[in-house]
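Below: one structure, written as structure tokens.
The values are calculated or read from the model by the stated rules, or taken from the named source; none is laboratory data. Keep in mind it's a predicted model, so treat the numbers as computed, not measured. FYI the Cβ positions are ideal-geometry reconstructions off the backbone, even for glycines, and counts take in every protein chain you see. Only protein heavy atoms, including side chains, enter the accessible area calculation; ligands, DNA and RNA are left aside. Shrake-Rupley method; radii C 1.70, N 1.55, O 1.52, S 1.80 Å.
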Protein chains: 2
Amino acid sequence: MSKSEAVELPLRRDGDAVPCCPPITAGELSQADAERTAAMFKALSDPVRLRLFSKVASHPGGEACVCDIADVGVSQPTVSHHLKKLREAGLLTSERRGTWVYYRVAPSVVAAMAAMLDLRAPGPRA
Amino acid sequence: MSKSEAVELPLRRDGDAVPCCPPITAGELSQADAERTAAMFKALSDPVRLRLFSKVASHPGGEACVCDIADVGVSQPTVSHHLKKLREAGLLTSERRGTWVYYRVAPSVVAAMAAMLDLRAPGPRA
DNA sequence: ACCTTGATTCGACGCCTGTCAATACAGCGA
DNA sequence: TCGCTGTATTGACAGGCGTCGAATCAAGGT
């Protein structure tokens with residue numbers, strides 16, 4: 001490979017003066033911010049990807065084998081393609097364990113979206 | 001016109017057993033739910049649209065004239081095209097007042113996304 | 001009436017994306 | 001070693017999307 005394999009996550013850790021996802025409703029976004037944020041939305045803008053992401057996110061243990069989530073109405077290669085996109089967008093991570101490959105939601109992803117939507121509820125915001 | 005002009009908003013009012021956007025991280029999405037939710041993300045998956053939306057959302061008074069937000073680096077027809085998409089996605093509403101057209105964020109949009117991301121209960125997962 | 005300015009629509013172009021069948025790759029078991 | 005199952009990649013196709021220039025519509029001012 002040499003292609004982009006997992007971009008910088010659109011959010012920092014937490015409690016940081018993040019350069020990425022300033023609240024969408026609380027100020028104008030810069031060009032760069034808009035591109036990063038849009039990329040995140042884009043990854044979730046396909047029904048198949050959304051279902052895959054949802055299945056992983058809601059799977060007990062926080063991770064799911066491809067074989068567990070592949071039933072979304074499209075061919076196996078297409079599933080693999082979408083999972084790759086989600087990986088490249090920084091939303092999912094994958095790990096091969098023996099025969100199967102397991103996916104899990106990348107840390108801080110949901111928190112990133114929360115921050116971007118200006119919902120300060122989640123964090124221990126002091 | 002006769003085309004689709006503003007779809008059903010992806011969320012209900014609030015505190016409703018909504019048919020649309022069940023928390024993305026708390027269960028698998030149905031085909032229909034995934035399509036609706038994906039459509040909302042899709043509308044925001046373009047940097048230009050994101051900036052336009054952001055500009056409207058952050059504008060004092062909650063509304064903005066096209067002339068105020070049109071400076072996003074693309075031609076004016078393209079701006080209009082993107083605003084139309086945001087309108088059709090149910091994210092923005094428009095109103096002509098004299099010479100200018102004013103846009104504002106459709107009610108409950110951000111709240112819809114919040115609900116969908118299952119924020120509100122970050123720590124206490126139980 | 002006319003012209004000027006703001007905004008939308010039209011038509012066309014190139015790029016990007018979702019999809020599949022076919023193929024390749026990775027582990028495991030016999 | 002061979003074959004089998006699970007996953008990823010390749011190559012190709014149709015359709016969708018973002019963009020623009022030009023034309024059109026809408027209000028106001030002169």
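Consider segment A:89-104. How many of its residues are among the acidic types (Asp, Glu) and at pLDDT below 95?
0
Where helices (runs of 4 or more DSSP H) fall entirely within segment B:20-120, those with at least 2 residues that are of a type in the set (Lys, Arg) and closer than 30 Å to residue A:60 by Cα are at B:31-43.
The listed residues are A:48, A:74, A:56, and the only one of them that is more than 10 Å from chain B (Cβ to nearest Cβ) and hydrophobic (A, V, I, L, M, F, W, C) turns out to be A:74. Within segment B:80-108, the set of residues being buried (at least 16 other Cβ atoms within 10 Å of the Cβ), in contact with a helix residue (DSSP H, G or I) (Cβ under 8 Å, 6 or more places away or on another chain) and aliphatic (A, V, I, L, M) comprises B:83, B:86, B:89, B:91, B:92, B:105.
Name the residues in segment B:70-79 that are of a type in the set (A, V, I, L, M) and either open to solvent by 20 Å² or more (accessible area, probe 1.4 Å) or within 9 Å of DNA strand C (Cβ to nearest atom) (or both), would you?
If the condition is that a residue be of a type in the set (A, V, I, L, M) and either open to solvent by 20 Å² or more (accessible area, probe 1.4 Å) or within 9 Å of DNA strand C (Cβ to nearest atom) (or both), then B:70, B:74, B:79 are the ones that fit.
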